[in-house]
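The values are calculated or read from the model by the stated rules, or taken from the named source; none is laboratory data. Please read these numbers as outputs of a predicted model, since none were measured by experiment. Note: ideal-geometry Cβ built from the backbone for every residue, glycine included; neighbour counts use all protein chains shown.
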Amino acid sequence: MGIRDIVSVLTQTPTLLALKKGMQPRPLEERDCFAKSVQNNALQFADKSAVIFEDQSITWSELNQSANRYANYLSSIGVKTGDVVSVVMENRIEFLQTVIALNKIGAIAGLINTNLRGRPLTHCIEVTKSKKCIFGSELSEALEEVKDDLSLSEGEDYFVVPDNDETNLNWATNIDDAASSASDSNLEQTDHVTLGETAFYIFTSGTTGLPKAAVLSNRRFLASAMLSHKAGLKCNQKDRLYICLPLYHGTGLIIGVGAAFSSGASMFIRRRFSARNFLPEVRKYGATCLIYVGELCRYLTNSDAKPDDHVSPLRNMMGNGLRPDVWLDFKKRFGIKRISEFYGASEGNVAFANLMNKDCTIGMTSSRVALIKYDVETDEIERNDDNRCIEVEFGEPGLCLGHINPGAVFEGYTDSEATEKKVLRDVFEEGDAWFNTGDLIKEVDVGFSLGYSHYQFVDRVGDTFRWKSENVSTNEVGEIINGYHSVEISNVYGVDVPGADGKAGMAALRLSDGSTFDQDDFAQYVVKELPPFACPVFIRIQNELDVTGTFKMVKGDLKKEHYDIESIKDPVYVMKPGTRSYEILDANYLALLKSGSAGF
């Protein structure tokens with residue numbers, strides 16, 4: 001390591017010291033919430049831009065006032081501290097107004113994936129015992145399909161937010177009209193909201209069953225937002241964050257919006273990512289910081305390069321899932337000075353962040369963590385003769401655990417049984433408790449680093465994989481597929497696709513006796529029952545499926561064979577990008593897949 005590298009690391013020291021002090025857990029009974037941050041920004045940066053969205057721009061003062069109108073109206077109709085309100089809305093200014101308003105009155109925003117339809121959507125609203133549902137008119141059809149299955153009352157519990165359209169639903173109240181005459185003054189009750197109170201339920205696919213509602217307290221939101229603001233993006237009120245990730249997810253919401261709330265920086269938000277518009281918008285709106293997921297960066301890296309791609313105001317970025325094979329190319333091509341990759345789960349008690357700008361790492365952590373031996377083939381934790389877990393050697397991938405203690409509380413899910421399943425006990429000594437991340441991580445040598453260990457993400461384990469920046473539960477998908485009339489049993493797993501980020505879903509099916517595979521009818525079924533990211537990309541038809549003596553599905557050989565029709569005799573079907581139908585996989589398309597040119 002040269003002098004320049006040492007100097008670069010040493011310049012991080014003041015930030016790290018300030019961060020260490022700021023990350024000390026604050027008392028749960030202390031009064032504070034992110035809505036207070038918005039109110040402070042409205043005082044300090046009243047006329048400065050808070051959000052730019054499509055053809056709209058709103059200042060911090062205007063954002064706070066509009067949120068106050070929503071909050072005062074909702075309070076007037078009985079929404080109170082601790083009540084859960086489902087929020088189903090695409091990225092737009094009104095989404096921010098809504099979640100700020102709910103936080104002002106101490107209510108909990110249940111943030112629902114806008115891709116969900118049918119049973120998963122019903123489940124997410126019902127499992128949190130939502131008292132109300134606020135949705136964007138762009139998603140009214142999805143709500144209309146399930147409202148008869150919900151416990152909410154038409155005309156009383158549904159509130160629609162118009163999306164530049166005339167919205168007249170006889171079963172939902174237009175919240176803009178209803179709140180138009182409400183006070184735009186700050187609410188007294190906001191001053192009484194505490195750090196220990198729940199701010200959000202963020203849904204995450206677990207290893208079994210339907211999506212689970214992960215609990216996110218005000219304390220954890222504010223701590224993570226401060227981490228992003230001060231140590232990751234290093235932004236202030238003069239910066240502008242480019243956010244095109246869905247705000248119902250933790251990355252866009254906490255790392256992006258949270259950093260803006262914490263710092264007073266403005267936000268440029270999009271409904272969804274567009275590679276074609278990315279650089280023109282960055283340049284037009286002066287975006288200095290990017291909130292990313294790895295798939296977004298891979299997509300941009302694979303797009304046609306231009307000589308001036310590095311000419312833009314972008315300098316820093318923070319997000320997760322940027323793999324080493326994309327990292328350096330992306331950084332060089334787009335002229336990025338600082339990449340703060342982080343790692344963490346919405347429900348977890350451990351987080352890593354690349355705060356020292358070390359390439360290709362998830363950085364370091366202030367949490368107490370352990371990397372333990374895990375047998376990927378048998379899908380089991382290895383233990384010694386005393387039935388204790390075994391820590392891996394330096395550089396060896398291990399299952400990452402986060403120690404549970406008063407300073408690192410595992411907030412878990414609304415379902416206590418699901419929460420307990422993520423806890424490992426008696427790991428190294430009797431009575432200890434650790435959060436099981438379900439991920440393999442390894443410690444890496446990054447040279448001079450002020451004594452801080454640095455880590456690198458390796459892969460997920462078990463029955464969950466990531467695709468399209470979403471966690472996919474193989475058990476959940478398998479249960480849905482098993483409900484199809486001609487499927488006797490299915491085995492779902494993730495497979496690698498060259499050039500794509502994450503693992504694509506694949507399902508091996510054994511059909512009922514006398515049944516044939518109707519690919520079009522089956523496609524209609526899975527598209528109706530599953531969100532797009534969970535629909536299997538590949539289908540393999542088998543006469544028999546391997547199971548263990550305890551009837552656990554054997555996935556090892558299936559994962560290795562994946563969709564390679566040159567080495568397996570079973571027919572394989574594929575759902576190509578941009579389609580919602582299956583077609584037989586042939587040699588020509590297999591060649592495209594292997595070359596990374598299939599468009600995934």
Residue list for region 41-54, filter: in contact (Cβ under 8 Å) with a residue 24 or more places away in the chain and either in a helix (DSSP H, G or I) or not assigned by TED's automatic domain parsing to the domain that holds THR198 (or both) | ASN41, GLN44
Unique match (being among the hydroxyl-bearing types (Ser, Thr, Tyr) and modelled with pLDDT of 95 or more) among SER303, SER224, SER263 = SER263
ALA35 versus (1) under 30 Å from ASN349 (Cβ atoms); (2) out of contact with any Lys or Arg (no Cβ under 6 Å at 6 or more places or on another chain): which is the lone unmet condition?
-> (2)
Positions within region 74-92 being in a helix (DSSP H, G or I) and surrounded by fewer than 21 Cβ atoms within 10 Å (Cβ to Cβ), in sequence order = SER75, SER76
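The rows are residues; the columns are (1) modelled with pLDDT under 90; (2) more than 26 Å from GLU197 (Cα to Cα).
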site: GLU411; (1), (2): yes, no
site: PHE428; (1), (2): no, yes
site: GLY431; (1), (2): no, yes
site: LEU440; (1), (2): yes, yes
Looking at region 321-357, which of its residues are under 23 Å from HIS403 (Cα atoms) and in a strand (DSSP E or B)?
-> GLU341, PHE342, TYR343, GLY344, ALA351, PHE352, ALA353
Output the residue which, of all residues in region 59-118 that are hydroxyl-bearing (Ser, Thr, Tyr) and touching a Ser or Thr at 6+ places or on another chain (Cβ under 8 Å), is farthest from LYS36 (Cα to Cα).
-> SER86
State which residue is farthest from the chain's Cα centre (by Cα) when the search covers only region 404-418 and only residues that are loosely packed, with under 15 Cβ neighbours inside 10 Å and in a loop (DSSP other than H, G, I, E, B).
-> PRO406
When you go through (1) assigned to a helix (DSSP H, G or I); (2) within 23 Å of VAL79 (Cβ to Cβ); (3) not small (Gly, Ala, Ser) one by one for ASP184, which number turns out not to apply?
-> (1)
Inside region 124-154, can you point out the residues that are outside any helix (DSSP H, G or I) and either at positive phi or of a type in the set (Ser, Thr, Tyr) (or both)?
-> THR128, LYS129, SER130, SER151, SER153
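Matching residues to (1) more than 15 Å from ASN349 (Cα to Cα); (2) touching a Ser or Thr at 6+ places or on another chain (Cβ under 9 Å); (3) in a loop (DSSP other than H, G, I, E, B):
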| site | (1), (2), (3) |
| --- | --- |
| ALA370 | no, no, no |
| GLU396 | yes, no, yes |
| GLY402 | no, yes, no |
| GLU420 | no, no, no |
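Looking only at region 365-400, which residues are under 30 Å from LEU111 (Cα atoms) and touching a Lys or Arg at 6+ places or on another chain (Cβ under 9 Å)?
Matches in region 365-400: SER366, LEU399.
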So is GLY499 surrounded by fewer than 21 Cβ atoms within 10 Å (Cβ to Cβ), touching a residue at least 60 places away in the same chain (Cβ under 8 Å) and outside any helix (DSSP H, G or I) or not?
-> yes
Kindly establish whether ALA107 is modelled with pLDDT of 95 or more, more than 21 Å from VAL527 (Cα to Cα) and in contact with a Phe, Trp or Tyr (Cβ under 6 Å, 6 or more places away or on another chain).
-> no
From ALA214, ALA199, residue being buried (at least 20 other Cβ atoms within 10 Å of the Cβ), in a strand (DSSP E or B) and out of contact with any Gly (no Cβ under 8 Å at 6 or more places or on another chain) = ALA199
The residue that is farthest from the chain's Cα centre (by Cα), considering only those in region 577-600 that are surrounded by 15 or more Cβ atoms within 10 Å (Cβ to Cβ) and under 19 Å from LEU509 (Cβ atoms), is LEU585
Please verify whether region 553-567 includes one or more residues that are of a type in the set (Phe, Trp, Tyr), in a loop (DSSP other than H, G, I, E, B) and in contact (Cβ under 8 Å) with a residue 40 or more places away in the chain.
-> yes
For TYR248, work out the one condition from (1) within 30 Å of VAL282 (Cβ to Cβ); (2) part of a loop (DSSP other than H, G, I, E, B); (3) in contact with a helix residue (DSSP H, G or I) (Cβ under 7 Å, 6 or more places away or on another chain) it doesn't fulfil.
-> (3)
Top-ranked residue in region 170-181 [being crowded, with 17+ Cβ neighbours inside 10 Å and not polar (S, T, N, Q); ranked as farthest from the chain's Cα centre (by Cα)] | ALA179
Pair list, Cβ < 7 Å and 6+ apart or interchain, from region 117-129 residues that are in contact (Cβ under 8 Å) with a residue 40 or more places away in the chain to residues that are among the hydrophobic types (A, V, I, L, M, F, W, C) and assigned to a loop (DSSP other than H, G, I, E, B) | PRO120/LEU210; HIS123/LEU210; CYS124/ILE112; CYS124/LEU116
Is region 520-537 home to any residue that is in contact (Cβ under 8 Å) with a residue 60 or more places away in the chain, under 23 Å from GLY118 (Cα atoms) and of a type in the set (Val, Ile, Thr)?
-> yes
Looking at region 300-325, which of the residues that are under 21 Å from GLY599 (Cβ atoms) and touching a residue at least 40 places away in the same chain (Cβ under 8 Å) is farthest from the chain's Cα centre (by Cα)?
-> ASN302
List the pairs whose first member sits in region 363-380 and is assigned by TED's automatic domain parsing to the domain that holds ASN436, whose second member is of a type in the set (S, T, N, Q) and modelled with pLDDT of 90 or more, and whose Cβ atoms are under 6 Å apart, counting only residues at least 6 apart or on separate chains?
-> GLY363/ASN354
Those residues of region 55-72 that are free of Cβ contacts under 8 Å to residues at least 24 places away in the same chain and outside any strand (DSSP E or B) come to a total of 3
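Assigned to a strand (DSSP E or B), more than 18 Å from the chain's Cα centre (by Cα) and over 23 Å from TYR248 (Cα atoms), is that true of TYR484?
No: the conditions fail for TYR484.
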